[in-house]
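To start, the structure itself, in structure tokens.
The values are calculated or read from the model by the stated rules, or taken from the named source; none is laboratory data. These figures come from a predicted structure and were not determined experimentally. Every residue, glycine among them, receives a Cβ derived from its backbone with ideal geometry; neighbour counts consider all protein chains shown.
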Amino acid sequence: MGDGPIRIALPLTLVVFALLLGLQLLVRPLLPIDETRYLSVAWEMYQSGDIAHLTRNLDPYSHKPPLLFWLINLVWLVTGVSEFAGRLIGPAFALGAVALTAGLARVLWPADRGIGRRAALILASFSVFAIYGSATMFDAMLAVAVLAGIWSLWRIGLGEAGGWDWVVFGLSLALGTYAKGPVILVHLAVPLLTMRFWAPNPPALRHIARGTGLALLVALVLVALWLVPTLLTATPEFREELLWTQSAARVAGGLAHDRPIWFLAVLLPILLFPWAWSIRVWPAFAAAVGGDGAGRLCLIWAASGLVLFSLISGKQVHYLLPEFPAAALLFARAFGEGRLAGRIPQFAPALLILLGIGLLAVAAGIIAPSGDIALLLPRIAVVAVALLAFAVAVISWATPGIGGPAVAGMGLVIVLHALIAGTGLRQGYEGGPIAARLSAAEAGGLALTGMPYNAEFNFMARLTGKVATPGTPEELAAWAKDHPQGLIFGPNGSFDAPPEATERYNRVEYGFWPASALTSPE
């Protein structure tokens, strides 16, 4: 009933979401520094054949576990090395998360007709989930592991499960660890520890303790199949980085992405767009939370992730991707049992209208062209995208029931990618021209100066050797002497001598100098 007159079947939702993910892959270039780095790590695994010891620019890379890189290489075994094929892994898991969320919804509320298709549509049309779900990153894989873990916990909480469900919980812990490391515990520990609060028929505490031990044993054995051989053949520095430094520093601070405690909380309106952008939804949402144990489980799942990541120093928006299914389940429940029907007053179209007005202001020159805004040319394309945003807003407002917010959420993703496709934004983040120069010059040696290097170009240029990163002018001069046919690149202005050529990428104007022309750094 909450669907209104529009009832979108689950297979159609999956097809539409797959098309939305594919559109993003076709339109959006590899995003620095994350996607470029991860494909470079996968490329170096492909070259070396070493599936245990990851490298980035041929240096040991211990920041992430290997599953994403294994899967990319498995795809490449079939397709050959291909950017598009390598980028399919993240979206495939995002699509799987939508399907799993639909199945979990039916298990949590079997009497709620249509909740599976509602949950799938809601998750697929969270704009942030759709955008990050298309990325070559780890969070969509982690979301699938968390969904599997929650599903097994619910079966355990029904009081009918045996040891096999604890084994499945252990498998989900192992999958999450292979996907992104022990952070899987941040997502699943609180739902496990609070089982007696939400479970309809929770096991006795001794049974929970015994089952948890079994699950951890299963996870440890599976993870050890990779971890033990890797550690035994790694350097002491690599072992310390892999086992301790990364996790501890992310909690205490000192790595990238240190954010204030309120960072994620203030972004909740954007994270929950478009489904939270309606006053009428929230009373129904509260009823869904307090109605039964399944609602309490989803609230604990979502809220604990938000709170724990807020307390951790290093955090990013996409770290919460595994919590989006919990939000989708609660919103889907809010739309059930006739709580919400007909046209739902919503503010989501207002964001699209504001975006369209802002784009018209850019086209008219009212907003100063600085940073990425300067890339929004030609003006006719900006105006066309603004009109598209207005059209999506009107369609969203006019569509009754659950379809209205869904149009707004998916429509925003389409509008943003139309802006990328139609303006200079794509060219500003397209690394192909630089990669072509590096590939042509690799035989003589490559060196980067004046900025950090995260292997942004190793995959794009299909480099087979290391890009040197001399840390001092003396080291750079020594490198240039040893590589007279080499190429030095870095921010324009790094040397007194003018560069042979320049290319702009990711807000940096790169210059290119032959090693033989090296004078002295500024």
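Details
- Within segment 69-85, the set of residues being assigned to a helix (DSSP H, G or I) and either modelled with pLDDT under 95 or more than 10 Å from residue 39 (Cβ to Cβ) (or both) comprises 70, 71, 73, 74, 75, 76, 77, 78, 79, 84, 85.
- Any hit, segment 485-495, residues being exposed (fewer than 13 other Cβ atoms within 10 Å of the Cβ), in contact with a strand residue (DSSP E or B) (Cβ under 9 Å, 6 or more places away or on another chain) and under 16 Å from residue 440 (Cα atoms): yes
- Per the conditions (1) assigned to a strand (DSSP E or B); (2) at positive phi, the sole criterion not satisfied by residue 504 is (2).
- The set of residues from segment 252-281 being surrounded by fewer than 15 Cβ atoms within 10 Å (Cβ to Cβ), at pLDDT below 70 and of a type in the set (A, V, I, L, M, F, W, C) comprises 252, 256.
- Residue in segment 412-435 that is surrounded by 21 or more Cβ atoms within 10 Å (Cβ to Cβ), assigned to a strand (DSSP E or B) and out of contact with any Asp or Glu (no Cβ under 6 Å at 6 or more places or on another chain) present: no
- Residue count, segment 308-340 (criterion: within 30 Å of residue 110 (Cα to Cα) and either part of a loop (DSSP other than H, G, I, E, B) or β-branched (Val, Ile, Thr) (or both)): 6
- Test result for residue 62, of a type in the set (S, T, N, Q), over 16 Å from the mean Cα position of the chain (by Cα) and outside any helix (DSSP H, G or I): yes
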